[in-house]
Each structure stands twice: as C-alpha cells, then as structure tokens.
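Novice: Sharing a structure, written as structure tokens. Questions coming.
Computed from the coordinates by the stated procedures, all read-outs in this text should not be read as laboratory data. All figures in this text were calculated on a predicted structure; none of them were measured in a lab. With ideal geometry, Cβ positions are generated from the backbone for all residues, glycine too; neighbour counts draw on all protein chains shown.
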Amino acid sequence: MNNFSAAKTLLDLSAVKANVQESRNAQTTEVMSKDIFEYWRKFIYDNCGIYYQDNKKYLLQSRLQKRINHLELSTFEDYLVYIKNSPERAGEMKYLYDAITINETFFFRNRPQLDALTNSVVPEIIQNGKNKIRIWSAASSSGEEAYSIAITILETLLPKYPQLEFEMIGTDISCSVIETAKKGLYKEYSVRNTPPLFLKKYFKINSHFYELNPEIRKRVSFKVMNLYDEQNMKRMVSYDIIFCANVLIYFDINAKIKVVSRLYNSLCRGGYLFIGYSETLHNISKAFKLVNFPKTIGYKKEQ
C-alpha cells in the first residue's frame, strides 16, 4: 500500500469513528418529550409511588438514558415499550429502580435518633416487659443506617441490658445497594462520621475499602422491599421500631398516606417510627402520637 492509499484508509477509519461517535452523542442527548415524560411518570408512580415533579424531567431523562444505551435502544418510548412487554420484566424493573432512586447515606448520619433509641425508646420497651426487640431500617440503602443501629445497641444497650435480644433488618427497593449492604465494604466517604473508637473496633482497611467485621454483619439481614407494594408490606409485621428516613419526600400526598398507613400496621402497639429531618406526618396521618426527644422527634403507635 502506497503512502496515499494508507493516508486515505486512515481518513476513512477516522470518518467511520466520527460517525459512530456522532451517533452515540445523538443518542445520549435525546430530549424526552412532555408526553413521554407523562407516561414514564405514571408508570413509575404506579409501580413504586415515586412521583417526579415537572422540574425533575431532566433528572429522570439522564437516569434512564444510561439504561437505554446499555440495552441498545433508541428512544425513551422504546424503553417504556420494552419494560412493559419484556418477558424479563421483573428483572428489568430492578434495573429501573436502581436507576431512579437516590442512595445518599453514611454511618451515624442521624445521631439524635440513635440517642433517642438508646436513651428512651428501647428502655421504655424493656420496661414494658419485652426483652426481644425487632427493628426495621425501611430505606436502608447500602446498609449504613442498619449497621449503625446494630453497633449502637451493642455498645450502649447490651452492657446495661445483657438479657436484651434484638433482630435488625434493612430493606431497600434497589437491588444493587442491598448487595452492597450484604458485602459490608465501604469507601472512606461512608465512614467519615464514624467515631474513631468504632472505626478501629468494627472495621478493617481492605485495599481501598473499609470492611465491616463479621460480628456486626451477622447481626443484620437485608432484603429488597418496595414500600409501595401492599402485598409485600403485609408480611412486614410486629416491629418495635421502624426507621424510614428520606423516603416520603419522593412521594406525593396520596402515596405518602398509603406508605405511612402500612408502616403503622407494621408496628407493634407502643412502637416508634422515625423519619427524616425534612419530613413530617402533618396532613398524612393522625394515628401516631408525636414524641419529642432531644434534637429529634418520633412517632408512637399507641393503639
């Protein structure tokens, strides 16, 4: 091949690569139409209760686009048809939930709630005659909250109440974060608020990760759970304490009422519900009694 032919071949290859890249760019910059956004919004809401406001259209678009590219589909409409009609719909819904949910958390994120748990709530339950306590982290993400609760109980409550037994479960709608929780491997960002004593006692540095020791991991079980799924929620019963932080903010009023009602049914009489700082049960439920603790509040089921 002479120099001219070689140069022409290189130019042709460059043109092909440019066309492929241009095609990919066109795919990743597709704009979701208002009508398709409405279809997607209803589909997501019907399946998990999350409601995307109008100003979140771009966020939904960017979150779905990666999955569309992975499946080598062309449009948001194609993906909607695919997920509704695919024989693997159940499996694909897991990827969808991973795409549309936000999992921002870290160990010992809400110390006032943990203080309320150890100083007031659990002692009250023990005084009422129970020595086994069941606790549910209902939006556990990658497990930091559930493990923080387990560590706190081991360090603070068991020395005072050696007869105490506790069952700790964490659930989340996202399969990927549940798998992360089960592995117990975390980056420095996740442990940044962990007391140094606990960090030394319950973690070891493994490569670039902090590995939670087996003593704590065996204390917590995890499973995938959609809080909007009425049938599955009926199986979650007889819990003494439920933590459900930063979930209600993604629901509209009707979905909030449904989810909170189901959480109420999951609690034992005298049980407590804790939600996020920016969340409230005002205009959502009158079934709970609001209880004030130092720097936080809880909701008690009295009946």
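Novice: What percent of all Cα-Cα pairs in the stretch 84-226 falls in each 5 Å bin, counting up from 0?
Specialist: Result, from short to long distances: 2, 9, 18, 20, 18, 14, 9, 5, 3, 1, 1, 0 percent.
Novice: Then there's this: Helix 89-100: angle to the longest alpha-carbon principal axis of the chain, degrees 0 to 90, nearest 10?
Specialist: It is inclined by approximately 80 degrees.
Novice: Under a cut-off of 26 Å between alpha-carbon atoms, report the lysines in cross-link reach of Lys218, not counting same-chain residues fewer than 8 places apart.
Specialist: Cα-Cα hits under 26 Å: Lys94, Lys130, Lys132, Lys160, Lys182, Lys183, Lys187, Lys200, Lys201, Lys204, Lys234.
Novice: Based on the Cα gyration tensor of the stretch 66-114, what are the three equivalent ellipsoid semi-axes, each the root of five times an eigenvalue, rounded to whole Å and given largest first? All intermediate terms of the calculation are to be shown ahead of the outcome.
Specialist: Numbers: eigenvalues 223, 28, 12 Å².
Semi-axes from the Cα gyration tensor: 33, 12, 8 Å.
Novice: Report the label-to-label distance for Arg269 and Asn254 in nanometres (one decimal), using points 7 Å from each Cα along the Cα→Cβ vector.
Specialist: Going by the 7 Å Cα→Cβ label model, 3.4 nm.
Novice: Karplus couplings for the stretch 120-135 from phi (6.51 cos²θ - 1.76 cosθ + 1.60, θ = phi - 60°), rounded to Hz, Gly and Pro as x?
Specialist: 10, 5, 5, x, 5, 5, 5, 4, 7, x, 9, 10, 10, 10, 10, 10
Novice: When the chain is modelled as a GNM with alpha-carbon springs shorter than 10 Å, which of Glu179, Glu77, Glu104 fluctuates the most?
Specialist: Highest fluctuation of the listed residues: Glu104.
Novice: Rounding to the nearest 20 debye, state how big the charge dipole of the stretch 132-184 is about its Cα centre with +1 on each Lys and Arg Cβ and -1 on each Asp and Glu Cβ.
Specialist: That gives the stretch 132-184 a dipole magnitude of about 140 debye.
Novice: May I ask for the angle, rounded to the nearest 10°, between helix 253-266 and the longest principal axis of the chain, with both axes built from Cα atoms and the value confined to 0 to 90°?
Specialist: With both axes taken from Cα atoms, the answer is about 50 degrees.
Novice: Give me the extension gain from Asp46 to Lys204: residue separation times 0.36 nm, minus the current Cα-Cα distance, reported in nm with one decimal.
Specialist: 52.6 nm
Novice: Please report, in debye to the nearest 20, how large the charge dipole of the chain is about its Cα centre when each Lys and Arg carries +1 at its beta carbon and each Asp and Glu carries -1 there.
Specialist: 820 debye
Novice: Taking the Cβ of each residue in Lys84, Lys258 as the centre, tally the other Cβ atoms inside 10 Å and list the residues starting with the fewest.
Specialist: Lys84, Lys258
Novice: For the charge dipole of the chain, defined by +1 on Lys and Arg C-beta atoms and -1 on Asp and Glu C-beta atoms about the Cα centroid, which residue among Asn47, Ser120, Ile241 has the Cα displaced farthest towards the positive pole?
Specialist: Farthest along the dipole direction, towards plus: Ser120.
Novice: Sticking with this one: How big is the stretch 176-287 in terms of Cα radius of gyration and Dmax, in angstroms?
Specialist: Just the Cα atoms of the stretch 176-287 yield Rg and Dmax of 17.0, 50 Å.
Novice: Which semi-axes, in whole Å and largest first, does the equivalent ellipsoid of the chain have when worked out from the alpha carbon gyration tensor as the square roots of 5 times its eigenvalues?
Specialist: Calculated on Cα positions only, the semi-axes equal 44, 25, 15 Å.
Novice: Report the label-to-label distance for Tyr39 and Val237 in nanometres (one decimal), using points 7 Å from each Cα along the Cα→Cβ vector.
Specialist: Taking the simple label geometry, Tyr39 and Val237 are separated by 4.1 nm.
Novice: Would you look at the GNM of the chain, springs on alpha carbons closer than 10 Å, and say which of Arg269, Arg219, Arg235 moves the most?
Specialist: Arg235
Novice: Put a dot 7 Å past each Cα toward the Cβ at Gln303 and Lys289; how far apart are the dots in nm?
Specialist: Between Lys289 and Gln303, the label points sit 1.3 nm apart.
Novice: Another question, then. List the aspartates and glutamates whose Cα lies under 19 Å from the Cα of Lys56, skipping any in the same chain that are fewer than 8 positions away.
Specialist: Straight-line reach from Lys56, under 19 Å: Glu30, Asp35, Glu38, Asp46, Glu77, Asp98, Glu104, Asp252.
Novice: Follow-up. In the chain, what % of DSSP beta bridges are antiparallel (nearest 5)?
Specialist: Working: 15 of 34 bridges.
Just about 45 percent of them are antiparallel.
Novice: Dividing the Cα radius of gyration by the Kirkwood radius, what Rg/Rh value follows for the stretch 242-293?
Specialist: Radius of gyration over Kirkwood radius for the stretch 242-293 works out to 0.91.
Novice: Could you identify which residue out of Leu263, Leu273, Leu199 has the top mean-square fluctuation in a GNM of the chain using Cα springs shorter than 10 Å?
Specialist: Comparing Leu263, Leu273, Leu199 in a Gaussian network model of the chain, the most mobile one is Leu199.
Novice: Can you tell me the 0 to 90 degree angle between the C-alpha axis of helix 57-70 and the longest principal axis of the chain, rounded to 10?
Specialist: Helix 57-70 and the main axis of the chain meet at about 70 degrees.
Novice: If I take R0 = 22 Å and measure r between the Cβ atoms of Leu185 and Glu104 in this structure, what FRET efficiency does the formula 1/(1 + (r/R0)^6) give, to the nearest 0.05?
Specialist: Efficiency, from the Cβ-Cβ distance: 0.80.
Novice: Next question, about the same structure. What ranking of Ile178, Ile126, Ile173 emerges when the number of other C-beta atoms within 10 Å of each C-beta is taken as an exposure proxy, fewest first?
Specialist: Ile126, Ile178, Ile173
Novice: Based on the Cα coordinates of the stretch 24-133, what is the per residue volume of their convex hull in Å³?
Specialist: Taking only Cα atoms, the stretch 24-133 has a hull volume of 173 Å³ per residue.
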